[in-house]
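Okay, structure first, notes after.
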Amino acid sequence: MMKPKTIVEKIWEQHLVLQEENKPDLIYIDLHLVHEVTSPQAFEGLRIKKRKVRRPERTFATMDHNVPTINRHIINDKIALKQMQTLEENCREFNIPLADIDHPDQGIVHVIGPELGLTQPGRTIVCGDSHTSTHGAFGALAFGIGTSEVEHVLASQTLWQSRPKTLNLKVNGTLGTGVTAKDLILAIIAKYGVRFGTGYVIEYTGETIRSLSMEERMTVCNMSIEAGARAGLISPDETTYNYLKGRRHAPEGEDFTKAVEQWNSLVTDEGAAYDKTLEINASEVEPQVTWGTNPGMCLPVSASVPDPEHEGNPAKKEEILNDLDYMGLKPGQPISSIKIDHVFIGSCTNSRLSDLKKAAAVIRGRKVHPSVKAIVVPGSFKVKQDAEKEGIDLIFKQAGFEWREAGCSMCLAMNDDIVPPGERCASTSNRNFEGRQGNGARTHLVSPEMAAASAVEGHFVDVREYSEFTALT
Amino acid sequence: MEPFKLHTGLVCPLNRTNIDTDQIIPKQFLKRIERQGFGEFLFFHWRFEDDGKAKENFPLNKAEYKGASILAAGENFGCGSSREHAPWALEDHGFKVIIAPSFADIFYNNCFKNGLLPLQLSEEEKEYIVKKAETESYKLTVDLEKQTVSDDLGFRTEFQILPHHKEMLLNGWDEIGVTLNYEDRISEYEQQTSK
């Protein structure tokens with residue numbers, strides 16, 4: 001009998017171009033996603049060495065990081081404008097398909113890949129962006145790379161990679177009402193820290209993961225990098241295939257049936273060995289709120305921020321003091337007493353249609369608190385269009401949210417969507433690093449539901465106490 | 001890329017954990033399409049006040065660390081965003097070696113493409129180096145060939161590095177050039193898998 005294998009081992013073996021002793025493996029890359037920020041120097045490198053893009057048709061580009069989400073065509077930032085124009089020129093020169101700012105396929109690169117059916121089980125997918133781990137939700141091996149590697153993939157369609165270790169993250173139990181995939185991944189990082197995934201590919205397994213929708217799975221895999229893992233993935237199943245069927249780049253008819261057969265063969269075998277196994281009980285997870293400056297500094301909404309006096313380790317104590325100082329919080333302050341100035345619903349973590357619907361269900365018939373400025377930034381033009389078809393935009397607008405165009409927006413504030421110094425944002429994004437949403441800005445990561453509830457109240461609140469909210473169907 | 005073989009340099013301590021690439025090079029500087037010139041923006045908000053004045057207490061601004069080429073930091077250095085602008089900024093500022101007990105994967109990989117050596121030492125070794133660098137003008141010698149770090153005071157330790165990474169730095173290789181030598185293997189793979 002063949003030795004049982006994990007999905008990671010299977011995908012790896014199917015993509016081996018070259019394997020030699022004392023060297024990383026040379027692996028083939030099936031799909032290369034490109035955006036404006038991490039690609040210009042790579043294209044320039046090709047030009048200098050007179051190299052070509054080996055497989056332009058396995059490459060797909062869009063603009064997301066810099067794009068304005070309001071007054072779409074007024075780009076005051078000349079350097080940002082130049083960067084977008086450079087992507088256009090590069091795609092034209094090297095014959096790469098591009099969804100530019102006016103294209104109906106435009107959106108956050110990690111939202112449109114799945115939406116277009118480019119993201120498929122068993123594929124190796126890279127992008128010059130750390131949240132490429134998102135695509136692992138489909139059982140793809142997907143990870144972020146630097147610009148030199150972007151150039152390498154453009155030129156050769158391959159990468160030198162050491163075989164990663166595998167980590168089985170078992171999630172069992174049922175997520176409670178009002179507790180989301182976002183809360184689950186935040187709770188995992190809070191429990192095991194921001195480094196536990198370094199050197200590993202995380203495979204999320206267990207009944208809870210099986211019960212998640214594709215969009216929820218994407219939220220979980222998206223934040224694998226926040227645990228240090230370049231990639232996180234989930235073995236494909238019927239949920240995956242149902243999502244993919246009929247998408248533009250997915251196989252059709254008989255080819256789809258054949259593809260499903262092949263995809264099923266990728267699923268991790270019974271009894272396959274992992275390098276490490278961790279577990280979490282989803283039933284115990286509460287809605288989460290980060291209080292510090294990395295995603296591991298996270299607590300249930302019912303908790304209070306840490307008191308450094310209770311910390312015995314002097315180095316850790318100082319870290320907490322620094323974090324509370326940056327975040328403008330008092331030791332031991334209840335999370336629910338933290339007042340917020342901004343709400344951002346968006347980013348590659350939580351900007352898909354189901355995220356917007358869940359947030360809309362919370363705010364329907366309510367109003368954004370007068371002291372809060374709240375924006376919704378759909379993940380793609382298509383998400384925006386679909387939401388508008390269902391009148392989701394109206395729910396937000398009537399509540400006092402701004403309804404914007406698609407892009408990365410306030411997740412990293414490279415465009416004009418910036419949280420001013422010292423102000424506080426409840427954000428559905430993925431990083432609460434110092435200055436991430438603007439110099440001196442204070443970020444609290446939450447789920448779309450929690451963000452919506454805090455927009456209404458002006459401070460954090462346990463969304464489960466919103467008894468009347470009913471999910472939009 | 002310049003080959004990296006042997007380097008002696010002044011150590012600058014930055015003893016924090018989880019230093020993310022957003023701190024190393026903030027997003028407002030990622031809009032440039034050039035590869036050079038990021039050094040002046042390195043650790044921008046840690047280094048400068050909002051009015052542009054240098055923050056006196058930040059190690060990189062202190063006279064005693066002027067010209068430092070070795071940075072000693074806490075664990076999980078380079079976590080977060082994949083931006084290669086982070087090693088570009090470090091390298092452009094004059095750093096050749098980053099010492100930390102652990103590195104984030106993407107940052108670690110990015111260093112080797114830019115002639116920058118991410119050097120993993122134990123927490124105790126890092127603490128020794130940081131303490132020395134905080135109290136006196138402290139230099140280290142890194143010998144990549146022998147995989148050793150040493151000072152003039154008798155401290156000497158070996159470090160681990162993948163042979164591939166070592167070879168790349170020692171030779172200053174253009175990795176793409178190396179890969180394209182395997183062009184026939186890549187084509188063969190594409191044919192076999194109908195890709």
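Just so it is clear, none of the values below were taken in a lab; they were calculated from the coordinates. None of these values were measured; they are calculated from a predicted model. Neighbour counts run over all protein chains shown; Cβ positions are idealised from the backbone, glycine included.
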For the structure I just gave you, tell me whether residue A:376 is of a type in the set (Val, Ile, Thr) and surrounded by fewer than 24 Cβ atoms within 10 Å (Cβ to Cβ). no
Tell me, which residue of segment A:1-12 that is crowded, with 22+ Cβ neighbours inside 10 Å and of a type in the set (A, V, I, L, M) is farthest from residue B:185 (Cα to Cα)? A:7
Out of curiosity, is residue A:15 crowded, with 16+ Cβ neighbours inside 10 Å and more than 9 Å from every other protein chain (Cβ to nearest Cβ)? no
Residue list for segment A:93-112, filter: surrounded by fewer than 23 Cβ atoms within 10 Å (Cβ to Cβ), assigned to a helix (DSSP H, G or I) and either in contact with a Leu (Cβ under 8 Å, 6 or more places away or on another chain) or of a type in the set (Phe, Trp, Tyr) (or both): A:94
So, first residue away from every other protein chain (no Cβ under 13 Å) and over 17 Å from residue A:375 (Cβ atoms) in segment A:430-459, second residue among the hydrophobic types (A, V, I, L, M, F, W, C) and part of a loop (DSSP other than H, G, I, E, B), Cβ within less than 7 Å, six or more apart or across chains; the pairs are A:459/A:338; A:459/A:340
Take residue A:224 and decide whether it is in a helix (DSSP H, G or I), among the hydroxyl-bearing types (Ser, Thr, Tyr) and within 17 Å of the chain's Cα centre (by Cα). yes
Looking for whichever is more than 9 Å from chain B (Cβ to nearest Cβ), closer than 28 Å to residue A:234 by Cβ and part of a loop (DSSP other than H, G, I, E, B) here; the options are A:5, A:10. Which one fits? A:5
Would you check which residues across segment B:166-195 are in contact with a strand residue (DSSP E or B) (Cβ under 9 Å, 6 or more places away or on another chain) and outside any loop (DSSP other than H, G, I, E, B) and list them? B:169, B:175, B:178, B:179, B:185, B:186, B:188, B:189, B:190
Of A:226, A:203, which residue is buried (at least 21 other Cβ atoms within 10 Å of the Cβ), among the acidic types (Asp, Glu) and within 14 Å of chain B (Cβ to nearest Cβ)? A:226
Take the residues of segment B:167-195 that are free of Cβ contacts under 8 Å to residues at least 24 places away in the same chain and among the aliphatic types (A, V, I, L, M): which is farthest from the other protein chains (Cβ to nearest Cβ)? B:178
Can you name every residue in segment A:116-156 that is part of a helix (DSSP H, G or I) and surrounded by fewer than 24 Cβ atoms within 10 Å (Cβ to Cβ)? A:155
Being within 14 Å of chain B (Cβ to nearest Cβ) and either surrounded by fewer than 20 Cβ atoms within 10 Å (Cβ to Cβ) or more than 21 Å from residue A:129 (Cβ to Cβ) (or both) narrows it down to one of A:167, A:159, so name that one. A:167
